[in-house]
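Read the structure below first, then the notes.
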Amino acid sequence: MAFQYNHYYEIYNSSSGTYVNLNGDHENNVVNNGEKVTVYARTNNPDQRWALERYGSDNQVRIVLQRGGGWYALNYNTENTNCIVWHLNSAADKDTVITLEPAVSFGGVYRLKLAQRNLYLTVVGSSLKWMAFTNEKDQIFSFVEPGANPGSATGNGLSLRCPVSYSGISTKFVDGGHRGVDYIASKGTPVYAATSGRVIRVYSWQGSTNEAAVDSIGNAVFLEHFDSKGNTCGMTCYYHLREAPTSLISADQYVAEGDLIGYVGNTGKVVAINGDGSHLHFEVKTGTYFNNSTVQELYHSGIWVNPLNYITH
Ligand SMILES: [Zn+2]
């Protein structure tokens, strides 16, 4: 999770460099139902501090602002599709329920989807509207600690968690040699996404591909990761999995950091590290484009880097 529930954030759109802002002056703490929400430069005013209130399933929230009269939630104006606030009362108002899609997500970048209407919060000039999906960066927001640097809060480089619980490292990264890190773990140990991203490919190992390097990977998962502006910045690769985890994930799906993406195994060519050879070979690559036309192309795409230099938590 790149955010916490019931915690104040500024909601930042990097393409415009602006923050979600309740329009107008509320120094007297009076907010009226239906007031328009816009974007504005950072003000350090409470009108830019929003809390994510969990509502329903995971990643479903109400985005709320606390002012003198209580709590106000982002809402939908049926007449003009503007983003407005409405007093949050106990009755369920479906037009306040927002699904946070870690769509082009790296370290806390989301699309805010109005679940009921299948519309996305969109920056239009200084206005905020609920609009159809565009795949544009004006629909991408990040949650920033009040006053913090939005770049550092959302990450401009890969910041990974360790993908597996392990008993030791049998082989480290060697530039030009062993291209990942081998975590010793018994067969069936869960493997987790090292950070949020998109599933590029779930590879089901079928034995020979006429290329020794690719033959060695076994069942594998490849994830693509994005920077705070939604641009591709890296890939993580998980090899020798017990089986191709098609029951857990599939290509083009988005995963959050820590999502279960497979189990440790010993498929492919493995050396006897753990009695039966079970371990996770974990690779990290940097790059802005990963060729997915074949698993061989994907395997060779990008620049191998030492995973241990990117694991921060
Ligand atoms: Zn290895």
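The values are calculated or read from the model by the stated rules, or taken from the named source; none is laboratory data. Remember, it's a predicted structure, so these values are computed and weren't measured experimentally. Every residue, glycine among them, receives a Cβ derived from its backbone with ideal geometry; neighbour counts consider all protein chains shown.
Residues are listed down the side, and each one gets a yes or a no for (1) under 25 Å from S196 (Cα atoms); (2) polar (S, T, N, Q); (3) more than 21 Å from the chain's Cα centre (by Cα):
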| position | (1), (2), (3) |
| --- | --- |
| E10 | yes, no, no |
| S15 | yes, yes, no |
| V20 | yes, no, no |
| N32 | no, yes, yes |
| E35 | no, no, yes |
| T38 | no, yes, yes |
| Y55 | yes, no, no |
| W86 | no, no, yes |
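Across the stretch 163-204, the qualifying residues are those that are among the basic types (K, R) and over 15 Å from V221 (Cα atoms), and the one among them that is farthest from the ligand (Cβ to nearest atom) is K187. Within the stretch 37-59, the set of residues being of a type in the set (A, V, I, L, M, F, W, C), in contact with a Gly (Cβ under 9 Å, 6 or more places away or on another chain) and at pLDDT below 95 comprises just one member, A41.
Kindly indicate the residue of the stretch 138-167 that is within 30 Å of W50 (Cα to Cα) and in contact with a Leu (Cβ under 8 Å, 6 or more places away or on another chain) and also modelled with the lowest pLDDT among those meeting that condition. Among those that are within 30 Å of W50 (Cα to Cα) and in contact with a Leu (Cβ under 8 Å, 6 or more places away or on another chain), it is F143.
Conditions tested, residue by residue: (1) β-branched (V, I, T); (2) crowded, with 24+ Cβ neighbours inside 10 Å; (3) within 28 Å of P102 (Cβ to Cβ); (4) without any contact (Cβ under 8 Å) to a residue 40 or more places away in the chain.
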site: V164; (1), (2), (3), (4): yes, no, yes, no
site: G168; (1), (2), (3), (4): no, no, no, yes
site: A193; (1), (2), (3), (4): no, yes, yes, no
site: V199; (1), (2), (3), (4): yes, no, yes, no
site: G207; (1), (2), (3), (4): no, no, no, yes
site: G234; (1), (2), (3), (4): no, yes, yes, no
site: C237; (1), (2), (3), (4): no, yes, yes, no
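Kindly evaluate N75 against the criterion of being buried (at least 22 other Cβ atoms within 10 Å of the Cβ), within 17 Å of L100 (Cβ to Cβ) and among the polar types (S, T, N, Q). Against the criterion (buried (at least 22 other Cβ atoms within 10 Å of the Cβ), within 17 Å of L100 (Cβ to Cβ) and among the polar types (S, T, N, Q)), N75 qualifies. Restricting attention to the stretch 272-299 and to residues that are within 30 Å of E101 (Cα to Cα) and within 16 Å of the ligand (Cβ to nearest atom), the residue that is surrounded by the fewest Cβ atoms within 10 Å (Cβ to Cβ) turns out to be E283.
Restricting attention to the stretch 241-251, does a residue exist that is modelled with pLDDT under 90, out of contact with any Lys or Arg (no Cβ under 6 Å at 6 or more places or on another chain) and surrounded by 15 or more Cβ atoms within 10 Å (Cβ to Cβ)?
The first filter runs over the stretch 241-251 and keeps only residues modelled with pLDDT under 90, leaving none.
Checked against the condition, which is being modelled with pLDDT under 90, out of contact with any Lys or Arg (no Cβ under 6 Å at 6 or more places or on another chain) and surrounded by 15 or more Cβ atoms within 10 Å (Cβ to Cβ), the stretch 241-251 yields no hits at all.
Among the residues of the stretch 250-263, are any more than 14 Å from the ligand (Cβ to nearest atom), among the charged types (D, E, K, R) and at positive phi? Yes, the conditions are met somewhere in the stretch 250-263. Among the residues of the stretch 260-313, the ones that are among the polar types (S, T, N, Q) and assigned to a helix (DSSP H, G or I) come to 2 in all.
At pLDDT below 95, assigned to a loop (DSSP other than H, G, I, E, B) and not aromatic (F, W, Y): which single residue out of S170, S208 fits that description?
Result: S208 is the single residue among S170, S208 that is at pLDDT below 95, assigned to a loop (DSSP other than H, G, I, E, B) and not aromatic (F, W, Y).
Determine, yes or no, whether G34 is more than 25 Å from S159 (Cβ to Cβ), surrounded by fewer than 18 Cβ atoms within 10 Å (Cβ to Cβ), of a type in the set (G, A, S) and at pLDDT 90 or above. So G34 fits the description; yes.
Is it the case that some residue within the stretch 182-203 is part of a loop (DSSP other than H, G, I, E, B), over 17 Å from L280 (Cβ atoms) and in contact with a Pro (Cβ under 7 Å, 6 or more places away or on another chain)? Yes: one or more hits. Considering the stretch 1-83, the qualifying strands (runs of 3 or more DSSP E), each wholly inside and each with 2 or more residues that are farther than 20 Å from D138 by Cβ, run over 50-54, 60-67, 70-76.
Criterion first (within 21 Å of the chain's Cα centre (by Cα), within 15 Å of the ligand (Cβ to nearest atom) and not small (G, A, S)) does K269 satisfy it? Judged against the criteria, K269 is not a match.
Every listed requirement among (1) small (G, A, S); (2) outside any loop (DSSP other than H, G, I, E, B); (3) buried (at least 21 other Cβ atoms within 10 Å of the Cβ) is met by A213 save one, (3).
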